[in-house]
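Chemist: Below is the structure I would like to discuss, written out as structure tokens.
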Amino acid sequence: MEQRFVRYQSTTPDAKGRYLGIFALANRLAKEGGLSPEDWGLWRSANDFYDEAYITPEASFYTAPGAQAWFKLTATHLISRTDFYIDLLRRHDVPCSAFYSSDPGAVLYEDEVQVVVVPYKGDGE
């Protein structure tokens, strides 16, 4: 099957068993004070770009257990800007990887650039 979606996330689950996405991982670093002033400014600028570039789904979509956001591979203007987050996390020894799927789960929300899904039972990540 053709891969249609990508998710950048932690390679290991957190204490609650979730595989956090790169935005949550980077936001955690910033919130915990783990960023230099320069990195904090770059992180803030990157987050501002994403906040303006596309709709953030309502928080209610994330109340479903295991809910995850995936980019559509056609959203190249958004995907190309994830390199900053990947590099930031690498420099802070926070492992993350890209995961690709043609069908990542049951769709809770969808727009032109993303889906929010609940992974199917048995999907490890």
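The values are calculated or read from the model by the stated rules, or taken from the named source; none is laboratory data. All values reported here derive from a predicted model rather than from experimental measurement. As a convention, Cβ positions derive from the backbone with ideal geometry for all residues, glycine included, and neighbour counts pool all protein chains shown.
Chemist: So, residue 116, is that one in contact with a Pro (Cβ under 9 Å, 6 or more places away or on another chain) and surrounded by 14 or more Cβ atoms within 10 Å (Cβ to Cβ) or not?
Modeler: Details: in contact with a Pro (Cβ under 9 Å, 6 or more places away or on another chain): yes; surrounded by 14 or more Cβ atoms within 10 Å (Cβ to Cβ): yes.
Here the answer is yes, as residue 116 does meet what is asked.
Chemist: Would you please name the residue that is surrounded by the fewest Cβ atoms within 10 Å (Cβ to Cβ), looking only at residues in region 1-54 that are β-branched (Val, Ile, Thr) and closer than 23 Å to residue 110 by Cα?
Modeler: Residue satisfying both the conditions and the ranking: 6.
Chemist: Which of the residues belonging to region 72-125 are without any contact (Cβ under 8 Å) to a residue 40 or more places away in the chain and either part of a strand (DSSP E or B) or touching a Leu at 6+ places or on another chain (Cβ under 6 Å) (or both)?
Modeler: Listed by number, the residues that qualify are 106, 107, 110.
Chemist: Which of the residues spanning region 62-72 are among the hydrophobic types (A, V, I, L, M, F, W, C) and surrounded by fewer than 16 Cβ atoms within 10 Å (Cβ to Cβ)? If you could, list the steps in order and put the result at the bottom.
Modeler: Narrowing region 62-72 to residues among the hydrophobic types (A, V, I, L, M, F, W, C): 64, 67, 69-71.
Hit for region 62-72 is 64, nothing else.
Chemist: A further question on this structure: Only residues that are under 14 Å from the mean Cα position of the chain (by Cα), of a type in the set (Val, Ile, Thr) and within 21 Å of residue 4 (Cβ to Cβ): list them for region 57-115, please.
Modeler: 79, 82, 86, 113, 115 - these are the residues of region 57-115 that are under 14 Å from the mean Cα position of the chain (by Cα), of a type in the set (Val, Ile, Thr) and within 21 Å of residue 4 (Cβ to Cβ).
Chemist: Taking region 33-71 on its own, how many of its residues are outside any loop (DSSP other than H, G, I, E, B) and hydroxyl-bearing (Ser, Thr, Tyr)? So that I can check it myself, show each step before the final result.
Modeler: The initial filter retains those residues of region 33-71 that are outside any loop (DSSP other than H, G, I, E, B), namely 37-53, 59-63, 68-71.
Going one step further and asking which of them are hydroxyl-bearing (Ser, Thr, Tyr), we end up with 45, 50, 60, 62-63.
Within region 33-71, residues that are outside any loop (DSSP other than H, G, I, E, B) and hydroxyl-bearing (Ser, Thr, Tyr) number 5.
Chemist: Those residues that are over 22 Å from residue 43 (Cβ atoms) and at pLDDT below 95, I need them from region 54-91; list them, please.
Modeler: 58, 60, 61, 63, 64, 65, 66, 67
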